[in-house]
Amino acid sequence: MEKSSCIHFCFISCLVLFIVVGSWYRSTNSSLPNSTLQTPWSTSKNRIFSNSKASSVLETQAQTSIDHSAEAPHHPLDPLTVQEINKVRTILSSYVPFSFTFPTIHTVLLDEPDKVQVLKWSKGDALLPRKAQVLALLNGQSHVLTVDLDSSSITSHAINSSSGYPMLSVDDILAASKVPFSNAEFNKSIAARGVSSSDLICLPPSAGWFGPNEEGKRVVKVLCYSKESTPNFYMRPIEGLVMTVDLDTLVVLKFSDTGREIPIPKSTDTDYRYTAQTKEPQMEPLNPISIEQPKGPSFRVEDGHIVKWANWVFHLKADHRAGLVISRVMVRDSENGELRDVMYKGFASEFFVPYMDLDESWYFKSYMDAGEYGLGMSALPLVPLNDCPRHSYYMDGIFATPDGNPFVQPNMICLFERYAGDISWRHSEGLLTDFQ
């Protein structure tokens, strides 16, 4: 029962992780300490529809930028810091196999200490050895390395003779999106459809395994869309035009063109942005809704990652792949006052979206967001008062770019309390009153 209650609180009542795949196209040269993506149409719904001057109290406030450059870990499970990621890159740069050509970095994550050691550790103890696990690609081979940050050495290095199937990086996606434009068959098909190449945007919607002839290769299917007169290019697909692309060689392995007779949908009414709307929604105006916490929130966050609320204590962090990870969840026994372990580690292992259409240009679409793109890498900044209420605590993600440098995913997680006493959340047993 305690585990169920904890998961309900941790994942539903207090935490929001806003995942938007559009962040693929964020520059890999994001500068520290923050690189905030501005979205002018991400506006408070209360402010949009309110006809009251009182709504000014709901104006969104810009979040204070945090300088992560000098942060240090306080807990064995704290994510790698900016300084630690920089140190990993320095160690890799001087490593003999990478001395001439630096590899493409796909993930740099904390190599978590052994569970037994973590359970024995208490605040005030010396921090357990810090290690990083690195997945890198070089010359068509996958390299999995363990970097000891205390000794500044690489303690393990496993090589896969083929490149395998690591997560797609931003560089992978951008490189694959350019391949079609240098393919003669593709350009001929686009011309026959009457579409200008300047109006096209191409991208690989999902990675996968597409047949025995592609075994051991990093392969994606690339689809294209028309962005003419709309920012919502997904509404204007070029149906039936599919290219299978080798990510390592950037060569088209297979070209499929089966949908020339399928018209491209018109762009009329596809601009979803609030600023593009020509008239207000036809509805009664709404007054602002405000949930007050006159004494502030009941939870607190210590050392950047330890959350304490009521009788609960847990460790919270952003993760490159899983997005959000909750660890070392404990509840204080109300009778003896002792903390009891409830859950060692919990996260969303995958978001799987299979389209299940047998058509040649659709059968492969089976998004696996965590494994293919990384839920953390795909996160966009949460907007105060739109995504999260007042008194929320915001947490950034610190990750590595394909060139190994650290960058910040700002406001990736927000922590808040939600009142769960509404009617839809209550349960009662009417029959019990008949037997009392």
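The values are calculated or read from the model by the stated rules, or taken from the named source; none is laboratory data. Quick caveat, the model's predicted, so the values are computed rather than measured. Backbone-built Cβ (ideal geometry, glycine too); neighbour counts: all protein chains shown. Just the protein is used for accessible areas: all its heavy atoms, side chains included, with ligands, DNA and RNA removed. Shrake-Rupley method; radii C 1.70, N 1.55, O 1.52, S 1.80 Å.
Can you tell me the accessible area per residue over the range 82-160, all protein chains present, probe 1.4 angstrom, in square angstrom? On a per-residue basis, 52 Å².
Spin-label model, I66 to S156: label points 7 Å out along the Cα-to-beta-carbon direction sit 3.0 nm apart.
For the range 292-397, with all protein chains in place and a probe radius of 1.4 Å, 52% of the accessible heavy-atom surface sits on carbon or sulfur.
Looking at the square roots a ≥ b ≥ c of the eigenvalues of the Cα gyration tensor of the range 226-314, which shape do they give, rounded for a/c under 1.5, prolate if a/b is larger than b/c, or oblate? Verdict is oblate for the range 226-314. Phi angles of the range 127-137 translate, via the Karplus equation with coefficients 6.51, -1.76, 1.60 and θ = phi - 60°, into HN-Hα couplings of 5, 5, x, 9, 9, 10, 9, 10, 10, 10, 10 Hz per residue; Gly and Pro are given as x. Look at the alpha carbon pairs under 8 Å that are at least 6 residues apart: their mean separation over the length of the range 82-160 gives a relative contact order of 27 percent. The mean accessible area for residues of the range 299-415, using a 1.4 Å probe and ignoring ligands and nucleic acids, is 40 Å² per residue.
Summarising the amide proton neighbourhood of A348: residues at separation of 5 or more, or on other chains, whose placed amide H is nearer than 5 Å comprise L324.
Among the chymotrypsin sites (Phe, Trp or Tyr not before Pro) in the range 189-293, those placed in a DSSP loop whose Cβ has at most 14 other Cβ atoms within 10 Å are W209, Y272.
In this structure the range 170-268 gives 47 Å² per residue of accessible area when probed at 1.4 Å with all protein chains present. Per-residue surface analysis assigns D199 an accessible area of about 40 Å², computed on protein heavy atoms at 1.4 Å probe radius.
Cα centroid separation, the range 126-182 to the range 330-401: 22 Å.
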